[in-house]
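Worksheet for the structure shown next.
Derivation of every value follows stated rules applied to the coordinates shown; laboratory data play no part. Predicted model only: the values in this text are computed from it and were never measured. All Cβ positions, even for glycine, are placed from backbone atoms using ideal geometry, and neighbour counts span all protein chains on display.
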Amino acid sequence: MARVVLAMSGGVDSSVAAHLLLKAGHECIGVFMRHGEESARVCTVDPRSEGAGEARNQSSLPVLGGLQQARADHKQGCCTASDAADARRVASKMGIPFYALDLQEDFRRIVDYFVDDYLSGRTPNPCVKCNHWIKFGRLFDYADGVDADFVATGHYARLLHGEDGPQLHRGLDGNKDQSYALFGIGAERLKRMMLPVGGFDKPTIREIASSLGMGVAGKKDSQEICFVTQGHHSDFVKARRPEMVGATAGQVVTVDGKVVGDHQGYEAFTVGQRKGLGVAMGTPHFVIRIETDTNRVVIGPPESLLRDHFAASEANWLVDPQSIPSSVAIQIRYNGSPLPGRVTLAEDDPKRFSVQFDSPQKAVAPGQAAVVYDDERVLGGGWIQ
């Protein structure tokens, strides 16, 4: 039996993951990662103890990351209070200890990255960064502190064991596969990871939750960026950097340099965007590039979006990069399809590489992750420059 720290979000996937871990005979510790900015308090509850409504010390598990003891009915959440309450309720039903970690300071790094990337004319991916920096960063720190053998999440991806050790593969459910978001995890950590739901499809996971009487069986999946709760992302950027209001305004121009309008800030745009351009062109036009030196947003017809190559940096490889096959597939957006092509490593730095597609592709957006696959296996990836 292994001791496993499980990230519990209050959703159906991580809830069923807890059931699957217990069913396999593991000791499970539920952890809710709170990264809201309203309160610095967290709760510590062991639902197995008598008088669960009273605050209790957990002498067997160290208190890390500013954990504070609180009432069992105290509702807190990274996105909503109900998410934390759902996670706590599931943990109580299954009889496993439940902890909430205050990661407010850590999460500010994600928010700053999000804002800075938009102000640099890039398209950030905060959910992927959060997986790398927090979910499989700070969560491992906590696991080490409680002498846990493994860290688990409810991601739809699989860990398979090959001759070279554990391998990260796509989840069984192609419609829910989340392996793209996990490429940045250190290769050495794969041996201490568990992904219990990756071998199931989503309908089966919901059926399991329903059969167990989990109140989260029909809960909708999270879709939005958790810290942009309302309005457009550009409003959030301006609120975080008020000194930049007006400083990023400029012209909307066509690919041949014709001025066709004005915009209030280039942080409101991303490569490949069609709606909300603020100009009427008569035919479909898209954002082709963002020029932060001139504040110009360049638009053009769909054929102007096509690119057959790009450069990437900050690579993380889950295999020896020298062993990457000559023909691979590259995924350049979260919900995108893998695209056939070739990867060439920089001679002086394996953390930089270039991609040559077999055929031109649309909307290669700087700031997005480029993840390299060999069939179903994640080889690694980097960030589009």
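Across the stretch 313-322, computed HN-Hα scalar couplings (Karplus, 6.51 cos²θ - 1.76 cosθ + 1.60, θ = phi - 60°) run 9, 6, 5, 10, 10, 8, 9, 5, x, 6 Hz from first to last residue, x flagging Gly and Pro. Computed from backbone phi, the HN-Hα couplings of the stretch 360-368 come to x, 10, 8, 6, 7, 9, x, x, 8 Hz, rounded to whole numbers (Karplus: 6.51 cos²θ - 1.76 cosθ + 1.60, θ = phi - 60°; Gly and Pro given as x).
Footprinting exposure proxy ranking of ASP374, ASP164, fewest other C-beta atoms within 10 angstrom first, gives ASP164, ASP374. Pairs over the 25 Å Cα-Cα cut-off, from the set LYS93/LYS219; LYS93/LYS176; LYS275/LYS351; LYS191/LYS351; LYS275/LYS362; LYS202/LYS362: LYS93/LYS176; LYS275/LYS351; LYS202/LYS362.
Compute the FRET efficiency between VAL260 and GLN322 as 1/(1 + (r/R0)^6), taking r as their Cβ-Cβ distance and R0 = 45 Å, and round to the nearest 0.05.
Efficiency at R0 = 45 Å is approximately 0.40.
Hydrodynamic radius of the chain by the Kirkwood approach over all distinct alpha-carbon pairs: 22.5 Å. Here is what passes the span test in the chain: the DSSP H helices with alpha carbon length of 15 Å or more along the helix axis and a Kyte-Doolittle mean of 0.5 or above are 12-23. Give me the number: length gained by fully extending SER313 to ARG274, i.e. 0.36 nm times residue separation minus the C-alpha to C-alpha distance, one decimal in nm. Value of the extension gain: 11.3 nm. Available extension along the chain between ASP221 and ASP375 is 52.8 nm, counting 0.36 nm per residue and deducting the alpha carbon span. Placing dummy labels 7 Å off each Cα toward the beta-carbon, the span from ASN335 to LYS351 is 3.3 nm.
Ranked by how many other Cβ atoms sit within 10 Å of their own Cβ, fewest first, the residues GLU188, GLU376, GLU347 fall in the order GLU347, GLU188, GLU376.
Residue order for TRP317, TRP133, fewest other beta carbons within 10 angstrom first, comes to TRP133, TRP317.
Using a Förster radius of 45 Å, what is the FRET efficiency between LEU160 and ARG108 based on their Cβ-Cβ separation? Nearest 0.05, please.
0.80
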